[in-house]
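The values are calculated or read from the model by the stated rules, or taken from the named source; none is laboratory data. Remember, it's a predicted structure, so these values are computed and weren't measured experimentally. Cβ sites come from the backbone with ideal geometry, for glycine too, and all protein chains shown count toward neighbours. These area figures cover heavy atoms from the full protein model, side chains too; ligands, DNA and RNA do not enter into them. Shrake-Rupley method; radii C 1.70, N 1.55, O 1.52, S 1.80 Å.
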Amino acid sequence: MSAIVSTRYGRLEGDERDGLIVFKGVPFAAPTEGPSRWLAPEQSAGWTGVRDARPFGAVAPQNPVRNPALASMKIEHVQSEDCLNLNLWTPAIDRARRPVMVWIHGGGFTIGAGSQEIYDGSALARRGDVVVGTINYRLGPLGFLRLCDITNGRIPSSGNEGLLDQVAALRWVRDNIAEFGGDPDNITIFGESAGGMSVGALLAMPSARGLFHKAIAQSGSCDTVSSVARANRTAELVLAKLGVSADDTDAIRALSVAQLLTGVLGADGKTRDPALGMAYQPVVDGAVVPRPLIEMVAQGSASGIAVMVGSNLEEWKLFAAMDPAFHSLDQVGLAATMRKRLTADFADSLIATYHRARSTAGRLCSPPELYSAIETDRVFRMPGVRLAELHGRSERRVYNYIFTWRSPALGGMLGSCHALELGFVFGTNHLPGMRLFAGEGPAVKKLAGEMQDAWLAFARHGDPSCPSLGVWPGYNETRRATMLFGETSTVVDAPFEEERRSWDGVPNGILGAL
């Protein structure tokens, strides 16, 4: 059965079934193709008649990533530069002012879409009587390539166009969500990996101020950003690889999407120029992002916003599983690798501390295990802890978690890895591939229910305490109360504290850097 809603831009026809009304592919900004490529998003011109919002819209251009173990993560929809659209799941279009949850997908700022099956908002919308939205934003060289400096302003892209797309989506939600049964004064943003890093950016960005009221950062925070110098170097390397001069802006604009997608990654999605690292990421440009994100949060950019932030216990094991050299890493290689990431000032002492803490606790201490543990904390856990510490000095509604459930896949080799919590949060562990990845049975269902209840309670009240979990105390630097999500979820004060203390004094610029 269909349902029709009137927005500021025109009428939309969605699908009503199984107690929910779903609207897909809703444009929240004008197309960003042709002359609008590499420009900030503009307001949609709207449409006449009734727009069909039953099929998903186009996704941002990206290279394919094939993972047969996770069929639910596949992205099979049409790709187009005209990709700025969102999807909404609502229990009713009755102006009942329900809490609103807006999801920002991950994927290293180069892949992903709000239409991925694992992000289906049905379970959350039904369980919590909330409105759930998922959004697209420009990715890779179309969303995060800074060209304004090397072209002397003739192509004005700041390298933050993908973030500006997210702001445009949130502005659309604020202005229209009441028509979908949502409360524009109770909007929660949440995201994972690059989506969590985007949440960290939105907490700091002046243009996002007032567009949301609560934020959940999963496996990403405020520290994965590029300097202007690095962003400019990336642009130079990309154009050099494509054989285009920075002076020839007509040739740059004429580059096809296919050409741009090979600027860093090959057509197979595997080839990478090691000089670039994670080439595409937000840029501290002095305008869209005026200063380093964590500094802005410390100075009050997110005042009044409730924050929940956390990570998975063994994030790095997902990436290690794709690295043939990981399992042969020895002590010499570990020291050399850590010194590159941390500088010699910190690497040796961190390795020693992690070895001591893990051996005392009876955990594995081989060089690969130490490498995975340190990188997990450097890239994911510690940036989140820093955010909780700094924001918690002025905001009592700050909560921290560690997800400890381990994947049974590959004989348990993945552990509690990156992205494993997604099916629990969205209630999509039943999808193809997810049973192998997340496991199955009563314990999986119980943990999924607890996590959904916590996310929903936080979205409703700014406090994740709920009957299925009990009281979840706020995080502060005295107690460091942390929810450990696992087979038996429980609050623990200052977990893995010896490892955490070993990061004191490590600069923010090292944490989260990719």
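Where Lys and Arg each count +1 and Asp and Glu each count -1, what net charge lies around residue 450 among other residues with Cβ under 14 Å from its Cβ? Intermediate results must be reported in sequence, preceding the final value.
Details: positive: 127, 445, 446; negative: 421, 453, 487.
So the surrounding residues net to 0.
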Quick tally, 1.4 Å probe accessible area for 510, 4, sorted with the most first, runs 4, 510
Estimated vicinal HN-Hα couplings, Hz - the stretch 148-159 in sequence order (Karplus 6.51, -1.76, 1.60; Gly, Pro = x): 5, 6, 6, 9, 6, x, 5, 10, x, 4, 8, x
Would you pull out the residues with amide H under 5 Å of residue 191's amide H, same chain only if 5 or more places away, H placed 1.01 Å from N? 104, 216, 218
Calculated FRET efficiency for the pair residue 322/residue 353, C-beta based, R₀ 35 Å, to 0.05: 0.80
Below 9 angstrom from the Cβ of residue 159, what's the summed charge of the other residues (Lys, Arg +1; Asp, Glu -1)? -1
With the dipole of the stretch 361-444 defined by +1 on each Lys or Arg Cβ and -1 on each Asp or Glu Cβ, the option from 366, 399, 436 whose Cα lies farthest towards the positive pole is 399
List the trypsin sites (Lys or Arg not before Pro) in the stretch 438-486 that DSSP assigns to loop (not H, G, I, E or B) and whose Cβ has at most 14 other Cβ atoms within 10 Å. Which are they? 479
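What GluC sites (Glu not before Pro) in the stretch 12-41 are in a loop by DSSP, with at most 15 other Cβ atoms within 10 Å of the Cβ? Mind showing how you got there, number by number?
Numbers: sites: 13, 16, 33; in loops: 33.
Of the GluC sites (Glu not before Pro), the ones in loops of the stretch 12-41 whose Cβ has at most 15 other Cβ atoms within 10 Å are 33.
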Accessible area per residue, 1.4 Å probe, Å², for the chain: what's the number? 37 Å²
Separation of the residue 39 and residue 345 label points, Cα + 7 Å toward Cβ, nm: 4.5 nm
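Using a 10 Å cut-off on Cβ atoms, rank the peptides 144-152, 363-371 from the highest mean neighbour count down. Could the numbers behind the result be given before it?
Numbers: 144-152: 21.8, 363-371: 17.8.
Packing order, densest peptide first, comes out as 144-152, 363-371.
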Identify the residues of the stretch 73-89 with backbone N under 16 Å of a label point that sits 7 angstrom from the Cα of residue 258 along the Cα-to-Cβ direction, or state none. 79-81
Using each residue's phi in the stretch 186-196, evaluate 6.51 cos²θ - 1.76 cosθ + 1.60 at θ = phi - 60° and report the 3J(HN,Hα) Karplus result to the nearest Hz, with x for Gly and Pro. 9, 10, 10, 9, 8, x, 10, 6, 4, x, x
How much of the DSSP bridge set in the stretch 98-202 is antiparallel, in percent, rounded to the nearest 5? 10 percent
Cα→Cβ-extended label distance, 7 Å offset, between residue 17 and residue 96, nm: 2.1 nm
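For a quick check of your reading of the filter: which trypsin sites (Lys or Arg not before Pro) in the stretch 41-136 sit in a DSSP loop and have no more than 12 other Cβ atoms within 10 Å? Don't jump to the answer; show the numbers that get you there.
Values: sites: 51, 66, 74, 95, 97, 126, 127; in loops: 66, 74, 95, 97.
Listed in order of number, the matching sites are 66, 95.
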How many percent of DSSP beta bridges within the stretch 374-511 run antiparallel, rounded to 5? 55 percent
Placed amide H near residue 51: partners under 5 Å, 5+ positions off or other chain: 11, 12, 13
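Report, in listed order, any pair from 24/317; 241/340; 241/317; 214/340 with a Cα-Cα distance greater than 29 Å. Mind showing how you got there, number by number?
Working: 24/317 34 Å; 241/340 25 Å; 241/317 31 Å; 214/340 36 Å.
Beyond 29 Å between Cα atoms: 24/317; 241/317; 214/340.
May I ask what percent, to the nearest 5, of DSSP beta bridges between residues of the chain are antiparallel? Present the calculation step by step, with values, prior to reporting the outcome.
Working: 24 of 60 bridges.
For the chain, the DSSP antiparallel bridge percentage is about 40.
With all protein chains present, how much of the accessible area of the chain (probe radius 1.4 Å) comes from carbon and sulfur, to the nearest whole percent? Mind showing how you got there, number by number?
Details: 10030 of 19230 Å².
Of all accessible area on the chain, carbon and sulfur atoms account for 52 percent.
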Taking the Cα centre of the chain as origin and charging only Cβ (+1 Lys, Arg; -1 Asp, Glu), how large is the dipole, in debye to the nearest 20? 380 debye
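Run the helix sum for the chain: -39,500 (n - 2.57) per DSSP H stretch of 4+ residues, divided by residue count, reported at 222 nm to the nearest 500 deg cm²/dmol. Numbers along the way, then the final one.
On the way: 17 runs with 159 residues, N = 514.
After summing the helix terms and dividing by residue count, I get -9000 deg cm²/dmol.
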Can you compute the modelled spin-label distance between residue 54 and residue 430, with each label point 7 Å from Cα toward Cβ, in nm? 2.3 nm
